[in-house]
Amino acid sequence: MKTNTFKHTIYAGIAVLTLGLASCDSGLLETVPNDRLSEDLFWKTENDAKLAVNSLYADLDSTTAVTWDGITDLAHTNQSFNVAAYIEAGSYDATSSVIYDEWKRAYRGIRGVNYFLENVDKVPSTNTALINQLKGEAKALRAYHYLKLAGLFGPAPLVTSSISIDEGRTLVNTPVEEIWNFVEKELTEAAALLPTTYGAADKGRFTKGAALGLLARADLYAGRYQKAADAADQVIKLGVYGLYDSYEKLYSYAAENNKEVLLDKQYLKDVYQNNVFNLLAPYSQKNAQSTYVPTKSLVDTYETLEGKKITDPSSGYDPAKPYANRDPRLKFSVFLEGDALPSGITFQPRPTSTTADAIGSTYIASTTGFNIKKYINTEDFANPTNSGINIILLRYAEVLLTYAEAKIELGQTDATVLAAINQVRNGRADVKQPSVTATTQAALRDIVRRERTVELAFEGQRLYDIRRWKIGEQVMNGPVFGITYPDATGKLVTVQAASSDRVFDVSRHYLWPIPQKERDLNPNLQQNPNW
């Protein structure tokens with residue numbers, strides 16, 4: 001497994017956040033605290049500036065991206081008492097901890113960036129390129145948080161400087177178009193300040209390509225299709241990114257920092273770890289939690305090897321052998337019956353299997369009979385809460401699909417659109433789906449949306465896609481289904497996850513409510529419609 005200096009120093013830099021996020025009484029004994037850095041001693045060297053920007057990466061999303069897919073049609077929140085399950089069931093409100101946690105993480109990250117940008121010029125340095133690079137990283141990170149706020153909450157306060165608690169109580173909602181304008185400006189400025197590549201010691205930092213890729217995502221979310229296509233095209237023309245040769249190995253330790261990754265959350269075992277294995281793996285694997293589990297809806301979206309939908313009568317799809325002759329990305333993304341698990345045993349989720357993974361054997365076992373395979377590595381089996389695998393937040397395949405979708409929406413369905421889609425479909429050694437040749441906007445729109453669904457499953461994009469495509473009422477209502485298997489009589493039975501009916505209220509669920517805690521502190525914040 002590769003390591004780098006940046007991974008080691010993220011953890012050390014987190015303490016720097018206390019400079020901007022905490023204060024202390026001057027009347028106390030003047031001792032040097034041992035749990036934080038004193039501001040009087042900081043901003044003295046270039047290394048101080050690097051440590052400060054490193055700390056800002058702590059608030060990037062991580063396994064939380066999977067949480068978002070766990071409240072869409074792609075995955076199911078497996079335990080009904082999990083707070084995310086209330087969102088899936090449509091029974092949440094402005095007091096939900098999931099809602100508040102996302103708001104809090106974003107604004108904590110924004111405040112850290114604001115403080116950094118206000119202080120970094122105190123550092124006595126003649127290395128203008130380095131200071132500009134660090135400013136570019138900070139701007140890109142701030143834009144990342146505002147992109148998320150706009151996508152989840154819509155109008156939210158736009159704060160670009162450090163403020164006091166009293167000033168915070170006077171903030172008002174900023175129109176969402178203004179937030180998108182700010183995100184565009186920040187990422188454009190960041191891209192101009194950032195290098196195209198880094199040396200091995202700094203892998204994981206924001207690059208020019210990451211800023212432009214995030215700009216393409218933001219403009220796609222905002223419906224600014226020409227700008228989205230242009231930004232994605234800039235990434236493509238940088239010539240430094242490409243698809244990793246194996247989709248199966250893309251989420252493995254061996255593939256970390258490969259040419260497909262534009263942005264990820266960096267981790268290191270024993271130093272700065274995550275719990276992705278424990279969160280997602282089947283229960284039989286060291287009592288892992290199966291917190292979010294794939295659905296039949298997702299599994300059925302993968303085509304046959306001939307590129308046909310399984311609902312097509314000519315596809316040859318056999319419900320008794322549902323995983324045969326399917327798009328390889330299915331078996332690379334989802335644990336299916338008969339798969340080998342990290343422990344060496346076979347995954348057997350049928351209710352009749354009498355294994356630890358059998359549906360109903362425990363409330364933790366997958367209620368759909370599927371488990372998420374991405375990021376589940378044998379290296380983490382011995383200690384499931386000590387994973388050092390990097391969590392990918394933006395990769396080149398998304399950029400290609402962003403370019404294609406934006407051009408399709410613009411009515412510019414030229415050869416470059418098909419080339420971008422087909423590169424994702426068959427540009428890897430282990431994924432060779434037939435090239436598409438459709439030319440109509442409607443057909444291509446259907447194709448690119450399906451590609452985003454299967455290519456980016458469990459990577460945090462589906463919630464935003466559902467909202468911007470306005471398909472929530474179509475895909476987020478009704479029961480959740482899982483595996484199909486033969487019962488004792490040979491009759492095929494499809495599992496329905498218990499207590500899993502989803503509810504999507506079109507009048508309000510396209511935006512999350514502004515957290516009640518924030519409105520209690522600041523009544524000037526207006527609530528989103530019908531909350």
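The values are calculated or read from the model by the stated rules, or taken from the named source; none is laboratory data. Not measured: the values here are computed from a predicted model. We place every Cβ from the backbone using ideal geometry, glycine too, and count neighbours over all the protein chains shown. Ligands, DNA and RNA are stripped out before the accessible areas are found, and what is left, the full protein with its side chains, is counted by its heavy atoms. Shrake-Rupley method; radii C 1.70, N 1.55, O 1.52, S 1.80 Å.
What nm value, rounded to one decimal, do you get for the distance between D202 and E167 when each label is placed 7 Å out toward the C-beta?
Taking the two extended label points, one gets 3.0 nm.
Using a ≥ b ≥ c from the Cα gyration tensor of the range 126-241 (square roots of the eigenvalues), is it rounded, prolate or oblate, where a/c under 1.5 gives rounded and otherwise the larger of a/b and b/c decides, a/b for prolate?
Oblate, since a/c reaches 1.5 and b/c is not below a/b.
Exceeding 20 Å between C-alpha atoms, which entries from my cross-link table qualify? They are K148/K227; K50/K122; K50/K104; K203/K269; K208/K237.
As for pairs spanning more than 20 Å Cα to Cα, those are K50/K104.
Which Cα, out of V424, I471, N528, lies furthest along the positive dipole direction of the chain (beta carbon charges, K/R +1, D/E -1)?
Of the listed residues, the answer is V424.
Shape call for the range 421-531 from the C-alpha gyration tensor, a ≥ b ≥ c root eigenvalues: rounded (a/c under 1.5), prolate (a/b greater than b/c) or oblate?
Oblate shape, in that a/c is at least 1.5 and b/c is the bigger or equal ratio.
Taking each full run of DSSP H in the chain as one helix, which ones are at least 15 Å long along their axis (Cα atoms) and have mean Kyte-Doolittle hydropathy of at least 0.5?
Span-like helices in the chain: 208-221, 415-426.
Can you tell which of A140, S164, A129 lies farthest toward the positive end of the dipole of the range 69-169, using +1 and -1 charges on the Cβ of basic and acidic side chains (Lys, Arg; Asp, Glu)?
A129
Size of the dipole of the range 250-345 about the Cα centre, Lys and Arg at +1 and Asp and Glu at -1 on the beta carbon, nothing else charged, in debye to 20?
140
For Y247, Y317, what's the largest-to-smallest order of accessible area, 1.4 Å probe?
Y317, Y247
Top to bottom by accessible area (1.4 Å), largest first, where do I165, I447 land?
I165, I447
Which FRET efficiency value, to the nearest 0.05, is calculated for Q527 and A498 with the Förster distance at 45 angstrom and r the Cβ-Cβ distance?
0.85
If you roll a 1.4 Å probe over the heavy atoms of the protein chains, what accessible area per residue do you get for the range 131-190, in Å²?
35
Could you tell me the calculated FRET efficiency between K237 and E177, based on Cβ-Cβ distance and R0 = 35 angstrom, to the nearest 0.05?
0.80
Find which of Y107, G369, A211 sits farthest along the positive direction of the dipole of the chain, computed with +1 on the beta-carbon of Lys and Arg, -1 on that of Asp and Glu, about the Cα centre.
G369
For the chain, what is Rg from Cα atoms divided by 2.2 N^0.38 Å, rounded to two decimals?
0.98
How large is the charge dipole for the chain, taken about the Cα centre, if only the Cβ atoms of Lys, Arg (+1) and Asp, Glu (-1) carry charge, to the nearest 20 debye?
Charge dipole, the chain, about its Cα centre: 740 debye, nearest 20.
Can you give the calculated 222 nm mean residue ellipticity of the chain, where each DSSP H run of n ≥ 4 adds -39,500 (n - 2.57) and the sum is split over every residue, rounded to the nearest 500 deg cm²/dmol?
So the calculated ellipticity at 222 nm is -12000 deg cm²/dmol.
Provide the FRET efficiency to the nearest 0.05 for the T128-S97 pair, computing r from the beta carbons and using R0 = 45 Å.
Taking R0 as 45 Å, the efficiency between T128 and S97 is 0.55.
Out of the total accessible area of the chain (probe 1.4 Å, heavy atoms of protein only), what percent is carbon and sulfur?
For the chain, the apolar C and S fraction of the accessible surface comes to 52 percent.
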